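Shown next, in structure tokens, is the structure this report addresses.
Every number in this text was worked out from the coordinates using simple rules, so none of it is lab data. Fair warning: this is a prediction, and the values are worked out from it, not measured in the lab. Cβ placement follows ideal geometry from the backbone for every residue including glycine, while neighbour counts extend to all protein chains displayed.
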Amino acid sequence: MLDSLIQGILLGGYYAVLAAGLSLMFGVVRFINLAHGDMAVLGALSALWLVQSLGLGVPLAIVITLLGMAALGWLMQRFIFERALAGGFLVPILTTIGLGAALQNGMFAVFGSNTKSLGAHIGSLSWASWQLPGGIYVGQLPVYMFVTAVLVLGALHLTLTRTAFGRALRATSSDAEAASLCGVDPRRVQRGAAAIAVALAGLAGIFLAMRAQVTPFSGPMMLIFAFEAVVIGGIGSLRGTLIGGIILGVVQSLGALLSPQISILAGHLVFLAVLGWRLSQLAAAERGGWRLALRALTHKPDVTGRKA
Amino acid sequence: MTPAQVLPMNTKDRRLVGLACLAVLGLATLPWLGSALIVDKLIYLFILVMFAVMWNLLAGYAGLVSVGQQAFIGLGGYALIRLVDAGLPPFVMIFVAAIGAGAVAWLLSWFVLRMKAGEFAIATWVIAETIRSLVMFDPIVQGETGTSLLALNAYDPDLRRLVLYLLALASMVVMVWGTWVLLQRRIGAESQAIRDDEDAAASVGISTFRVKQRIYVIAAIGCALAGALWLASAITFQPRTSFGVQWSVFMLFMVLVGGIGTFIGPILGALVFFGLQELFGDFGAWYLAGVGGLAIFFALYLPNGIVGLWLDRGKDEPLSLRKRLRM
Amino acid sequence: MTDALTLTNLSGRHGQLQAVKGVSLRLAAKEVLAVIGANGAGKTTLMRMISGLHPAAEGEILLHGAPVTSLPAHARLKAGIALSPEGRRLFGDMTVAENLQIAAENGRKGDWSMATVCDALPQLTALLHRPAGGLSGGQRQAVAIARALISNPSVMLLDEVSLGLSPAAVEGLYQSLETLRGHVTLILVEQDLTRAMAFCSRLICMAEGKLELDGPPATLTRQQITDAYFGIHKAKEPSHA
């Protein structure tokens, strides 16, 4: 029980990284990227390919993958998403569903259907563990991942609150036209946000490849988990995303005690319950909830006058 | 409810409807002429048309972009499995199963229809996944393994094919014709008003929830009926296939390529999709990746699909409801 | 000396509607121009076109002789045109200081900084660390003006200066604006005619997208202004033969 709780919390770091990219996209760019999970899988399979086919070391492969994913995010925004956004709310959904199908089947055609894992390439790290008092073993890899996740989200939070780019990004997410009146080029900022979001998806994919198996068709389920973490965590402040990820991880981990099937189902049910609860609150229903995601990324305790 | 005022059809449209009636009559006699393979393929085509028409009703006319209609496709199949397992006659139960899925949709509508566009898309998908997980707990389904509609094997294969073919043809005709009638009534104009601007629609006194609920339930029944027919022709029920998100991708592709929010678009889209599958289906994953790529192309450059191309050239949209509807 | 701002035959549309119809205007440096006109006369569209938020369908905009017509809004800010928009459009979840900082770090370098802007608009000093979303109407307008000013514009546009503000707040704002006179070319859209006449060095009136009247306020009669406001072309009206 306690063991599952700890595992769930550590799993939450992975979900939070996965969710942060998604929430950044619909916060800043007002874009729901239904191919987010597939991009995570692309990151995972690219890193695997670099390691297995080119023989690169794992750390170098991770760095190259993350840079490549960031570049891909920039290009996607520049050549696909910007155009899709001009077409109202329907076109982005249609475009990214098509993108997802293209990515999944394209990866299947290129990489094959075998499940793959980076686990074999990280030596003893994949099984080494620490013993806690009370006879509980905690895997080293999950702990390192959780710490990385917290550091990455923390760095992102500092970027958003303390840097000129972060301010420009928050301004753009709140009112792109007003941001342009302040000398901010909203399109440049949105491309930057897309680069960060896709790089975060790539990192999440690498996490998944280290701790488990990845197939070209893992993306849709990752997308669902990302959404669940975003919604459960509240209106997506980065801290909320982390909390949402941890809750999802814990729920799944405790559900797995009963049966593997219940694990994922429990996550879905908690998500639907939270969504229902939030809908029952008039404010959320009226204001379109998630669209305020990024506003709340910068949600400070002393700014709570507004109901998000 | 007062019916919306409808202007008479123009000559071209009347000719088209006449042709369609002839085509249906021709199709109805086909099983006695064509091979079993063709009949099986046509059953699948009819099912695709039903999916496309229902998704278009939902997304194109009521603005409800669902990524979770596979919930009802799967539920239709599952309900059929359960009902037939209880010893009830399979062919009749196809329709009972569809009504049952409609009842589930009615219950769900109170929850999902309160959501905004993006939330609705994802939540419907998660609900489909949830229902799939729940169905997998049923001992008959045996988790991932699935089960078969063994009762149908008791029938002579030719007779079974013939009955399914005629049922699928009739269901398709009823759905297409029913959509036509529905959209000409007041609810057709109201749903389009909601799609275009929900707040404005509400402010002129349209009960937006009622309209959306009716469309949502109808689309669920339609998808469940097509899903049950599909199961009856495929025999095997596997939760991962029946509840798979690929159905949503297919529906979206057909409607997008044909022309979303037009009457004839989804039918054209289903024909195109069917044709592509026949021509390139052997390429497997590359074919499906190409379908995804084509969807992106249409969404970005031809968001009004084939019918949009027609309109751009200054031709009239065939069987258009746009010009003929007056509220 | 070249003009600070030159508009040549400028037209703008909202879909089918032509909101601004062939406006030509030459503005000298440090001039204070008030724009008046009825609702829907095209004042806000004109402001948005000058600042780059709304595309010009026809015509040209020159800033100190250099064309800026094809520049997007953020580039026009860097060229020296700043707009305090209708509705203020502050970033509600960010503090006042952050609102100003964004414009400061993306605008032009110059004399205006956080400190000097707070000197010009003294009420800001106490508000710097408050979230902009919770401010009163007058405070919001002060922040919007400061946000435009801190980018060191050479031409500053203020849309609907006193709309929705209390008389006391309007009074305070105009006292602050007085300190800008002679430092920057000002264009302000003002519904309060008396206020506009007292403050500006030149007045234009728009009606149905056209420029109807142009001149120093002292030379214009009430009757001329009223006629222009309602788009009555007395002089041009052909008498029936």
Practice prompt. Treat every Asp and Glu Cβ in region C:1-100 as -1 and every Lys and Arg Cβ as +1, leave all other atoms uncharged, and give the resulting dipole magnitude about the Cα centre to the nearest 20 debye.
Written response: 120 debye
Worksheet item: Under the Karplus relation 6.51 cos²θ - 1.76 cosθ + 1.60, θ = phi - 60°, what is the ordered set of whole-Hz ³J(HN,Hα) values for region C:138-153, x standing for Gly and Pro?
Response: x, 5, 4, 5, 4, 5, 4, 5, 4, 5, 6, 5, 5, 7, 6, x
Discussion item. Among C:67, C:217, C:153, which one shows the highest mean-square fluctuation when chain C is modelled as a Gaussian network with alpha-carbon springs under 10 Å?
Written reply: C:67
Worksheet item: Build a GNM of chain A with springs between Cα atoms under 10 Å: which of A:25, A:107, A:221 gets the top mean-square fluctuation?
Response: A:221
Discussion item. If I model a spin label at residue A:188 and residue C:230 as a point 7 Å from the Cα along the Cα→Cβ vector, what separation in nanometres do I get?
Written reply: 5.0 nm
Fill in: Computed FRET value (nearest 0.05) for residue A:89 with residue B:313, which takes r as the C-beta separation and R₀ as 35 Å
0.80
Worksheet item: What nm value, rounded to one decimal, do you get for the distance between residue A:110 and residue A:177 when each label is placed 7 Å out toward the C-beta?
Response: 4.0 nm
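Quote to one decimal, in nm, the extra length available between residue A:258 and residue A:159 on full extension: 0.36 nm per residue of separation minus the C-alpha distance between them.
Extra length available between residue A:258 and residue A:159 comes to 31.5 nm.
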Response to the item:
Around residue A:163 (Cβ within 15 Å, Cβ-to-Cβ, excluding residue A:163; K/R +1, D/E -1) the net charge comes to +2
Response to the item:
So the FRET efficiency between residue C:198 and residue C:9, C-beta based with R0 = 25 Å and rounded to 0.05, is 0.20
Item to complete: Taking amide H positions as placed in the peptide plane 1.01 Å from N, state which residues far from residue B:148 in sequence (5 or more) or on other chains have amide H under 5 Å from it.
Response: B:237
Fill in: Positive-end extreme of charge dipole, the protein assembly as shown - chosen from B:252, C:46, B:178 (charges on Cβ)
C:46
Fill in: trypsin sites (Lys or Arg not before Pro), loop per DSSP, at most 16 other Cβ atoms within 10 Å - longest free stretch of chain A
A:1-305
Item to complete: In a Gaussian network model over chain B where Cα atoms closer than 10 Å are linked, find which of B:275, B:146, B:68 has the largest mean-square fluctuation.
Response: B:275
Item to complete: Take every residue in peptide B:248-256, count the Cβ atoms of other chains within 10 Å of its Cβ, and give the average of those counts.
Response: 3
Practice prompt. Pull up all non-local amide H partners of residue C:130: gap of 5 or more, or a different chain, and H-to-H distance under 5 Å with H placed in the peptide plane.
Written response: C:96, C:97
Response to the item:
chymotrypsin sites (Phe, Trp or Tyr not before Pro) in region A:165-241 lying in a DSSP loop, each with at most 10 other Cβ atoms within 10 Å of its Cβ, come to none
Worksheet, complete the sentence: Checked the protein assembly as shown against the a/c 1.5 cut and the a/b vs b/c comparison, axes a ≥ b ≥ c from its Cα gyration tensor; verdict oblate
Worksheet item: So what J values fall out for region B:182-190 if you push phi through Karplus, 6.51 cos²θ - 1.76 cosθ + 1.60 with θ = phi - 60°, rounded to Hz, Gly and Pro as x?
Response: 4, 6, 7, 7, 3, 4, x, 5, 5
Worksheet entry | Cα→Cβ-extended label distance, 7 Å offset, between residue B:99 and residue C:109, nm | 7.9 nm
Item to complete: Compute the FRET efficiency between residue B:14 and residue B:196 as 1/(1 + (r/R0)^6), taking r as their Cβ-Cβ distance and R0 = 30 Å, and round to the nearest 0.05.
Response: 0.60
